[in-house]
1. For segment 189-241, please list each of the helices (runs of 4 or more DSSP H) lying entirely inside it that holds at least 3 residues being assigned by TED's automatic domain parsing to the domain that holds L312 and on the phi > 0 side of the Ramachandran plot.
2. For segment 205-215: of the residues being crowded, with 19+ Cβ neighbours inside 10 Å and not polar (S, T, N, Q), which is farthest from L47 (Cα to Cα)?
3. Kindly provide the set of residues from segment 310-340 that are surrounded by fewer than 20 Cβ atoms within 10 Å (Cβ to Cβ), in a strand (DSSP E or B), over 27 Å from the mean Cα position of the chain (by Cα) and touching a residue at least 24 places away in the same chain (Cβ under 8 Å), ordered by number.
4. Can you tell me how many residues in segment 83-107 are free of Cβ contacts under 8 Å to residues at least 40 places away in the same chain and in a loop (DSSP other than H, G, I, E, B)?
5. What residue, among those in segment 108-132 that are outside any helix (DSSP H, G or I) and hydrophobic (A, V, I, L, M, F, W, C), is nearest to the chain's Cα centre (by Cα)?
6. Being within 27 Å of R174 (Cα to Cα), at pLDDT below 95 and either among the basic types (K, R) or surrounded by 15 or more Cβ atoms within 10 Å (Cβ to Cβ) (or both) is the requirement here; does S118 meet it?
7. Of everything in segment 1-43 that's modelled with pLDDT of 95 or more and among the aromatic types (F, W, Y), which residue is surrounded by the most Cβ atoms within 10 Å (Cβ to Cβ)?
8. Please work out if E244 is acidic (D, E), closer than 30 Å to D353 by Cα, surrounded by fewer than 20 Cβ atoms within 10 Å (Cβ to Cβ) and outside the structural domain of A264 (by TED's automatic domain parsing).
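The values are calculated or read from the model by the stated rules, or taken from the named source; none is laboratory data. These numbers were taken from a predicted model, which means no experiment stands behind them. All Cβ positions, even for glycine, are placed from backbone atoms using ideal geometry, and neighbour counts span all protein chains on display.
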Amino acid sequence: MTDLRIEGVAKIYPPAPPVLDSIDITIKSGEFFTLLGPSGCGKTTLLRIIAGFLRQDSGSVVVNGEKIDHLPPHKRDVGMVFQDYAIFPHLTVAENVAFGLKARKLSKEEIETRVAESLRSVRLEPLANRLPSELSGGQQQRVGLARAMTIRPKLLLMDEPLSNLDAKLRIELREDIRDIQQRLGITTIYVTHDQEEALAISDRICVMNKGKIEQLDPPFELYRHPKTRFAANFVGTMNFLPGELAGGALTLGGQKAGLSVEGANGPVSVAIRPENVVIRTQASGAAGAGELALSGTVAKSTFLGKEAHYTLKTPVGDLVAQVFDPTPDMLTVTGQTVDVLLPLQKLVVFGADEKALPVKVGGA
């Protein structure tokens, strides 16, 4: 069992801003931990520091209570899966998987046993004698995964391993990766810029931006309760509307929103997920308890089979609504005036510093 601590790790290339700005993270033993963020946020730099391919300017990497900063990559006992497969084209599948074991001078019998186990875990046993050129992209990535696992590392590090695959194969392989990781219980750090991928496979997600941590939480908490505007906007789709805060009362579009908000007076951003926006095609009178009603016009509708997306023009600003299993009358609403209902429990309010403010349903 392996736990990992990142203590005050920083990486700077002057005169540019820090690539990593004093990062502190604790990763639990057996956890599937994902570093998520846009290109240039520092996630791959942090992974390379953990692996030993790059040296930090300050801070420490601690594994099971011991600092490993002085150790070269081959002595850190980590398995690495890369974006570009990084398997040897002149070696067979089995020889690729056995490569790290031979470097560790294990017996022939032990190598054969471990290779067979690893190939079985990634469903590549029948292809053991094939060359990489005879494999699909997904199969090649499975070889890389088997090679990383067969050394039985303390840590498994994965750097955007699915980004070169098509959408359907990415979904299939990410499920395989998660199943294998859970079965083996290897502490895993996974880097991606794909939010859906991160939500699907992670125990916890660390959202990074400009070398800093925006939010570190389990997927449900991250999606439902974003702590910063950046995290809200990066993970999933989010609507933002301008609001005004005065004396703890939130005003939206000239009407009281029925929320008590702890924050300084002034402009705020009010956020809501598209799937939480309710559309009613018939005049419904006053909003129900716990709802804020706006009048809107459907500017655009897109039918996607199991759901439909609507762009709504309101006095407060544009909104996107997502309706699951739309009824036939909802497919011909473009140009119509509709009631737009915003459930108060689903609203998130961000202050001037773009951090989420404490909110309570009910008047101030």
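1. Ranges flagged: none.
2. Across segment 205-215, the extreme among qualifying residues is E214.
3. Correct list: T337, D339.
4. Just the residues of segment 83-107 that are free of Cβ contacts under 8 Å to residues at least 40 places away in the same chain, to begin with: 92, 94-95, 102-103, 105-107.
If we keep only those that are in a loop (DSSP other than H, G, I, E, B) as well, we get 92, 105-107.
Of the residues in that region, 4 qualify.
5. For segment 108-132, the residue satisfying everything is V122.
6. On the way: within 27 Å of R174 (Cα to Cα): yes; at pLDDT below 95: yes; either among the basic types (K, R) or surrounded by 15 or more Cβ atoms within 10 Å (Cβ to Cβ) (or both): yes.
So S118 passes the test.
7. F32
8. Values: acidic (D, E): yes; closer than 30 Å to D353 by Cα: yes; surrounded by fewer than 20 Cβ atoms within 10 Å (Cβ to Cβ): yes; outside the structural domain of A264 (by TED's automatic domain parsing): no.
So E244 does not fit the description; no.
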